[in-house]
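> One structure is given below, represented as structure tokens, and several questions about it will come after.
The values are calculated or read from the model by the stated rules, or taken from the named source; none is laboratory data. Predicted model only: the values in this text are computed from it and were never measured. Note: ideal-geometry Cβ built from the backbone for every residue, glycine included; neighbour counts use all protein chains shown. Note: areas computed on protein heavy atoms with side chains; ligands, DNA, RNA excluded. Shrake-Rupley method; radii C 1.70, N 1.55, O 1.52, S 1.80 Å.
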Amino acid sequence: GKGEYDHYMLKEIYEQPTSLAQAIEGRVDSDSGEINLEDFPPGTFDDVDRVQFVACGTSYHAALYGSLALNQAGIQSQALLANEYSVSAPPVDENTLVIAVTQSGETADTLSALRQAQDEGAQTVTVTNVVGSTAARVADESLLIRAGPEIGVAATKTFSSQAVMLTLLGQRISADVSGDPAFDLESVLADLENLPEQFETVLAGSSAAEIAHQYEDSRSYFFIGRGLGFPVALEGALKFKEITYEHAEGFASGELKHGPLALVTPDTPVFAVFTGTEDEKTLKNAEEAQTRGAPVIAVCPDGHPATQVADAHLEIPDADSELAGLLANVQLQLVSYHAAELLDRPIDKPRNLAKSVTVE
Ligand code: F6R
């Protein structure tokens, strides 16, 4: 049951320190700098030269996160919307690894992209939360995120676990493909081991409820980020619109000035996600919105330059740029939750939505 929580969504947001610890348990050893991914020992991806991720919704945002991390490591990789795959898939061959990211393992769009990639000769992997799901059975191999059952229709804890498992899988892929781990492996692994505790810190000290209240009468809610902050901005906006029924949109920070700025007024708060990647540019983009009257809410560590400029602050602990976005995402999950609560929405079961979308 929901226990002490009013909604499953809140319970699942608060479960993240545990679900993340479960995801990495036995899989990460920062002392030896080793990763143990069961069916994916070193060398598994020796003959891979390109990676495609296919997914929908929140899982697509996690896929984008994983794909950007691989790109930063010099691996050719793309995140693709599964529902666009049949009309726009780039070519694949036996050296292409196609990774289906799906919490339920039953999303029709994702299954159909996975099957298409397989028919065309790609190697396939599913990253899923459900043992024995269709996606797990269809793909050559699967990797479990071990987040435990998610009851709330809005995906929360499964997003963070997907992103973490894709980061780990990305390390294995890039080590196999290029001979180098994607990042300084020992430091990433140490950061991953600290992540559950950092999630705890965010959850214990979040001012998201006050921020949600402060901006509750706004017209539209914008979320911006760059690099790994971009998928977090997209996810922040998706969660917000899903459970509050208010208009929300996520942008790459640099895109704001290419059109969306026309929408910016004092009634459009801008949540700016800072992950340590070109933060000065994102800050400038946020200031451009602020000049047009929009309140800026900076999601960043204490003492960050953005806190000098922003109208409000959602604090995250200091973390490497590979993981900072996931901490920012927790704050955004909480803002959405509290905004939906103020509006008295049926948070666990938003209208028109189903937990698992089994039609194309
Ligand atoms: C959003 C949400 C959906 C799912 C999407 C894919 O909160 O839950 O966008 O992420 O329908 O579902 P899975 O991951 O089961 O393939």
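> When the chain is fully extended, how far beyond the present Cα-Cα distance does Lys284 get from Leu342, taking 0.36 nm per residue of separation? Before the final figure, lay out the partial values.
Values: separation 58, 0.36 × 58 = 20.88 nm, distance 3.14 nm.
So the chain would gain 17.7 nm between Lys284 and Leu342.
> Taking each pair of distinct Cα atoms in the range 2-86 once, what is the resulting Kirkwood hydrodynamic radius in Å? Don't jump to the answer; show the numbers that get you there.
Values: mean 1/r = 0.0635 Å⁻¹.
It is 15.8 Å.
> With the full set of protein chains in place, find how many percent of the accessible area of the chain is carbon and sulfur; take the probe as 1.4 Å.
46 percent
> Using label points projected 7 Å from each Cα along Cα→Cβ, tell me how many nm separate Ala262 and Asn194, to one decimal.
It is 4.5 nm.
> Once you keep just the Cα pairs under 8 angstrom separated by 6 or more residues, what percentage relative contact order results for the range 115-166?
Averaging sequence separation for qualifying contacts and normalising by length gives 31 percent for the range 115-166.
> Between Arg292 and Asp140, take the C-beta separation as r, use R0 = 45 Å, and let me know the FRET efficiency to the nearest 0.05.
Approximately 0.35, to the nearest 0.05.
> Rounded if a/c is under 1.5, else prolate if a/b beats b/c, else oblate: with a ≥ b ≥ c from the C-alpha gyration tensor eigenvalues square-rooted, which is the range 23-67?
oblate
> Measuring from label point to label point, each 7 Å out along Cα→Cβ, what is the Ser112 to Asn352 span in nm?
2.0 nm
> Calculate the translational D of the range 103-219 in whole µm² s⁻¹ from Stokes-Einstein, where the hydrodynamic radius comes from the Kirkwood formula applied to all Cα pairs, the temperature is 25 °C and the viscosity 0.890 mPa s. Mind dumping the intermediate values first?
Details: Rh = 16.9 Å.
Stokes-Einstein gives a translational diffusion coefficient of 145 µm²/s.
> Over the range 28-107, calculate the relative contact order: mean separation of alpha carbon pairs under 8 Å at least 6 apart, over the residue count, as a percent.
Relative contact order, the range 28-107: 37 percent.
> Just want to confirm a number: the relative contact order over the chain, from Cα pairs under 8 angstrom separated by 6+ residues, in percent.
Relative contact order here is 19 percent.
> Just to be sure I follow: if Rg is taken over the C-alpha atoms of the range 275-342 and Rh is the Kirkwood radius over the same atoms, what is Rg/Rh?
0.98
> Taking a ≥ b ≥ c as the square roots of the eigenvalues of the Cα gyration tensor of the range 1-160, is the shape rounded (a/c under 1.5), prolate (a/b larger than b/c) or oblate?
Oblate, because a/c is 1.5 or more while a/b does not exceed b/c.
> Subtract the Cα-Cα distance of Asp184 and Glu84 from 0.36 nm times their separation in residues, and report this length gain in nm to one decimal. Kindly include the intermediate steps, with their values, before the conclusion.
Working: separation 100, 0.36 × 100 = 36.00 nm, distance 3.44 nm.
Contour length minus the Cα-Cα distance gives 32.6 nm.
> Over the range 244-311, with a single point scatterer placed on each C-alpha, what log10 of the ratio I(q)/I(0) does the Debye formula yield at q = 0.18 1/Å?
Relative scattering, expressed as log10 I(q)/I(0), comes to -0.62.
> What's the whole-number percent of alpha carbon pairs in the chain lying beyond 28 angstrom? All intermediate terms of the calculation are to be shown ahead of the outcome.
Details: 25904 of 64620 pairs.
Looking at the chain, the distances longer than 28 Å represent 40 percent of pairs.
> Here's a follow-up. Give me the 1.4 Å probe accessible area per residue for the chain, excluding ligands and nucleic acids, in Å².
Solvent-accessible surface per residue comes out at 39 Å².
> Can you run phi through the Karplus equation (6.51, -1.76, 1.60; θ = phi - 60°) for the range 204-209 and list ³J(HN,Hα) in whole Hz, with x for Gly and Pro?
6, x, 6, 9, 4, 4
> I've got another one for you. Given a Förster distance of 25 angstrom, what is the FRET efficiency for His247 paired with Glu4, based on the Cβ-Cβ distance and rounded to 0.05?
Details: r = 32 Å, r/R0 = 1.28.
Calculated transfer efficiency: 0.20.
> Now, a different point. Need one word for the range 164-259: rounded, prolate or oblate. Basis is the Cα gyration tensor (sqrt eigenvalues a ≥ b ≥ c); a/c below 1.5 gives rounded, then a/b vs b/c decides. Walk me through the intermediate numbers first.
Details: a/c = 3.07, a/b = 1.66, b/c = 1.85.
Cα axes put the range 164-259 in the oblate bin.
> So, one more: Output wanted: per-residue J couplings in Hz (rounded whole) for the range 341-351, from phi through Karplus 6.51 cos²θ - 1.76 cosθ + 1.60, θ = phi - 60°, x for Gly and Pro.
3J(HN,Hα) across the range 341-351, in whole Hz: 5, 4, 8, 6, 7, x, 4, 7, 9, x, 4.
> Quick one: which of Lys2/Lys157; Lys241/Lys281; Lys157/Lys349 span more than 18 angstrom between C-alpha atoms?
Lys241/Lys281
> From a point 7 Å beyond the Cα of Asp49 in the direction of its Cβ, which residues of the range 69-87 have a backbone N at a distance under 15 Å?
Only 75-77 fall inside the zone, counting backbone N under 15 Å.
> Calculate the FRET efficiency for His213 and Thr18 from the Cβ-Cβ distance with a Förster distance of 22 Å, rounded to the nearest 0.05.
0.20
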